[in-house]
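Single-structure report; data block below.
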Amino acid sequence: MRNNVLVRIYRFYLDGFRSMTLGRTLWVLILVKLFVMFVILKLFFFPDFLGRAGDDAGKADYVANELVERME
Amino acid sequence: MVENISGSLIDWSRAQFALTAAYHWLFVPLTLGLAVVMGLMETVYYKTGDEKWKRTARFWMKLFGINFAVGVATGLILEFQFGTNWSNYSWFVGDIFGAPLAIEGIVAFFMEATFIAVMFFGWNKVSRGFHLASTWLTGLGATISAWWILVANSWMQDPVGMVFNPDTMRNEMVDFWAVATSDTAVVKFLHTVLSGWVLGAVFVVGVSCWFLWKRRDKAFAVRSIKVAASVGLVAALLLAWTGDSSAYNVAKTQPMKLAAIEGLYEGGNGIGLVGVGVLNPSKERWDDGEDAFLMKMEIPRMLSLLATRDMDGYVPGIGDIIRGGYQLPDGTTALSAQEKIERGRSAIASLADYRRLRAEGDTAAASAARAELMEDMPYFGYGYLSAPGETVPPVGINFYSFRVMVILGGYFIAFFAVVLFLAFKRDISRFRWLHVVALVTIPLGYIATQTGWIVAEVGRQPWTIQDLLPVGAAVSGLEVGSVRTTFFIFAILFTVLLIAEIGIMLREIRRGPEQAASDVSNDKKA
């Protein structure tokens, strides 16, 4: 019974995607955009500043130093 | 102060965020507005079973889908930028910002993602009632999504419901409902979502008038105009009401923003509202003695009424806020900007002392330093400013943006009223001038929503978090060149996306709605 529901949902989506016309162009657009955002921009242009500071205590120290030094 | 961070880095980081947000906000309001219009159209189809309403709803749904597909995930870049360009801010806000965004991501996004599939794939596969529910739930998902994003933004404008923890260096939420339902959040949500409805209505009326201009699909166009203009008129009227609430709230929580919006350098009782004015470009500082305006036309005592609900109420100007000494609504006396700067510096020094003493194991002294920090914490961000004049946001862009938004808001009310009258009482297809006006009104809808955000965001400068963290302290220590490079990458990426969207939309609009024999025959008769 449960399988039937899952199969019906699967077929619902499959038929939907198969019958797309304009939707295919939009999916190409979405995939290109996600590739640019997650692969190119995320990997090459977004340095993980806080990630370099280690664990949460390290991050707190990093931000505390930043905030104190910015005034001095 | 913020002496070791260049102005150029702050400016480029702000420009990059502004560019991303502005592009993102081209897509979102149309999604919100079209969701309501097509939901109503499908509701009529559900009630009447009349296939022409189904075809009408499906046409606008197609344009909704294009806009949704192109716009989806542009907001993700904003979230990247919080972590990379504004890393100090990201950590400092803690779970206050994270919780609403997480709820937005989990609840709203999945709701949208689930039901949008049923909406597009489910015609003739699920019952009419379930399909209608899916259409409305898709729109509701987008609206709930907007709610949580705006809760996060409102907290930056009016930080409530949290306590700063100097051990973790994060603001920790102590009252979820204070954050989620603050006056600022409620007003901002209503005002912003309604502006999306107006834009959606303007878009549908404008595109429908193009069909009338081209003398095609008349019955479809008139049906669409009647629904959209009804939504538009109701939304535009409510927008005026929420705009008033918004101004009242800003007067309480961000008086400097209100003063900048009004170009009000010296306040007082019974202050008038500048309806139309030209700022004096020679005025460069709040205390240079130059007149603020070359000319202005005021509505007497209106600003006092809007800001305090009393025609003789006191509204502080930029100079008053900087000098302080006036009585606040809670009966206390306003501190001067210089006093706030001193207390902010004291707070930052106490923070440094606390963390050093705690590391050294001097518990008693650390506890005293912490108590001093908490006393001065409301002014923490002022410690990064070197002079009182730095608390003043750019006056010109706020003053003019606000007037453009308000004047367009008034225009939309008149526009929808005329359109509705002609659609219901006359043959709107004969009014060729109106078709041109409706097309021109589409970009005006975008200008109105963009200027609204300019007022909201530029008006709160120099703060990322009001009074607690200025942009100079919030920004990451990136290379200026890196930020500049990514700015241009984003500019190109977003522009390509926008051109793609406009191209696909125009192609689908030219194709027009699905035709039925009865529609063609009706149009020929018309």
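Just checking, does region B:331-340 include any residue being in contact with a Phe, Trp or Tyr (Cβ under 9 Å, 6 or more places away or on another chain), under 14 Å from residue B:167 (Cα atoms) and surrounded by fewer than 18 Cβ atoms within 10 Å (Cβ to Cβ)? No, region B:331-340 has no match at all.
Among the candidates B:271, B:321, the residue that is in contact with a Lys or Arg (Cβ under 9 Å, 6 or more places away or on another chain), among the β-branched types (Val, Ile, Thr) and under 24 Å from residue B:461 (Cβ atoms) is uniquely B:271. For residues in region B:148-206 being free of Cβ contacts under 8 Å to residues at least 60 places away in the same chain and of a type in the set (Val, Ile, Thr), which is most open to solvent (accessible area, probe 1.4 Å)? Looking at the filtered set, the residue picked out is B:174. The set of residues in region B:417-442 that are open to solvent by less than 60 Å² (accessible area, probe 1.4 Å) and not hydrophobic (A, V, I, L, M, F, W, C) comprises B:427, B:429, B:435, B:441.
For region B:372-414, the set of residues classified as farther than 21 Å from residue B:459 by Cβ, touching a residue at least 40 places away in the same chain (Cβ under 8 Å) and open to solvent by less than 50 Å² (accessible area, probe 1.4 Å) consists of B:373, B:377, B:383, B:412, B:413, listed by residue number. Of B:312, B:353, all but one fail to be modelled with pLDDT of 95 or more, open to solvent by 40 Å² or more (accessible area, probe 1.4 Å) and within 14 Å of chain A (Cβ to nearest Cβ); the exception is B:353. When B:306, B:351 are screened for being in contact (Cβ under 8 Å) with a residue 60 or more places away in the chain, of a type outside the set (D, E, K, R) and more than 27 Å from residue B:247 (Cβ to Cβ), only B:351 passes. Within region B:53-73, identify whether any single residue is more than 30 Å from residue B:224 (Cα to Cα), under 24 Å from the mean Cα position of the chain (by Cα) and within 14 Å of another protein chain (Cβ to nearest Cβ), and answer yes or no. No: zero hits. Of the residues making up region A:54-68, those that are at the interface with another protein chain (Cβ under 8 Å from one of its Cβ atoms) and either surrounded by fewer than 13 Cβ atoms within 10 Å (Cβ to Cβ) or among the hydrophobic types (A, V, I, L, M, F, W, C) (or both) are A:60, A:63, A:64, A:67, A:68. The sole residue among B:92, B:130, B:80 that is of a type outside the set (Gly, Ala, Ser), within 13 Å of chain A (Cβ to nearest Cβ) and buried (at least 23 other Cβ atoms within 10 Å of the Cβ) is B:92.
Please go through region A:18-31 and give me each residue that is open to solvent by less than 100 Å² (accessible area, probe 1.4 Å) and more than 8 Å from every other protein chain (Cβ to nearest Cβ), ordered by number. Within region A:18-31, A:20, A:28 qualify. Restricting attention to region B:465-494 and to residues that are part of a helix (DSSP H, G or I), touching a residue at least 24 places away in the same chain (Cβ under 8 Å) and more than 9 Å from every other protein chain (Cβ to nearest Cβ), the residue that is most open to solvent (accessible area, probe 1.4 Å) turns out to be B:484. Out of A:34, A:6, one residue alone is open to solvent by 40 Å² or more (accessible area, probe 1.4 Å), at pLDDT 75 or above and at the interface with chain B (Cβ under 7 Å from one of its Cβ atoms). It is A:34.
Got at least one residue in region B:507-522 being more than 13 Å from every other protein chain (Cβ to nearest Cβ), at pLDDT below 90 and surrounded by 18 or more Cβ atoms within 10 Å (Cβ to Cβ)? Yes, some residue in region B:507-522 is more than 13 Å from every other protein chain (Cβ to nearest Cβ), at pLDDT below 90 and surrounded by 18 or more Cβ atoms within 10 Å (Cβ to Cβ).
The values are calculated or read from the model by the stated rules, or taken from the named source; none is laboratory data. None of the values given here were measured: they were computed from a predicted structure. Cβ atoms come from the backbone with ideal geometry, glycine included; neighbour counts cover every protein chain shown. The area values use the complete protein model at the heavy-atom level, side chains included, leaving out ligands, DNA and RNA. Shrake-Rupley method; radii C 1.70, N 1.55, O 1.52, S 1.80 Å.
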